[in-house]
Amino acid sequence: MLVSILGIPIFTILLMLQLAIVSRLPLLQGTADLLMLFVIGWALHERVKQAWQWAGVAGILVSLVSATPFFAPLIAFLMITAIARLLQRQVWQTPILAMLLMTFIGTILYHGITYFALFFNGTALPIQESISLVTLPSTLLNLILALPVFVLVNDLAHWFYPVEVI
């Protein structure tokens, strides 16, 4: 229970870092997404039990500060967590490669859900420009930040879930 509650201040700090620093360093029109990277790293860790709660907290916090429809970041983060948990359990045993793959998939999925949510709300965005100016640069920035975030998430998960020595 304590681990679930600690997600709120951790994601609040990450959100402040993202809004104050990371969003000010765009590549074309794309920016990195620290909360999504943290959710991916947390969901891929084998000891983590509260991945769904943390994804929900992150989705709600992003929904509160984002101009996108309220449900879009929450749905995207929950779908990313589902794919990451499936990948972690069924397919992959190399977590760093899984983090890079999920960063690519997660960025595309998040931007796709956001695009369609805006489209259904009446905001017509040119899809080719959206992909080339926002999604691809964001993917590159997320891939660059994926490994440092993975290391931080790994240390935090080891701190929350220490190894039990018998």
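Listing for the model above:
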| quantity | calculated |
| --- | --- |
| Nearest-0.05 FRET efficiency for F116 and D155, computed from C-beta distance (R0 45 Å) | 0.80 |
| Whole-number percent relative contact order across the chain, with pairs defined as alpha carbons under 8 Å at least 6 apart | 31 percent |
| Among 31-44, 52-65, the order from most to least packed when residues are scored by Cβ within 10 Å on average | 31-44, 52-65 |
| Highest-first arrangement of 73-85, 134-146, where packing means the average Cβ count within 10 Å | 73-85, 134-146 |
| Overall Cα dimensions of region 2-160 - principal axes, largest extent first, Å | 44, 29, 28 |
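Each reported figure results from applying straightforward, stated rules to the coordinates on display, with no laboratory input. Source: prediction; values computed, not measured. Don't worry about glycine lacking a Cβ; one is built from the backbone with ideal geometry, like all the others, and counts go over all protein chains shown.
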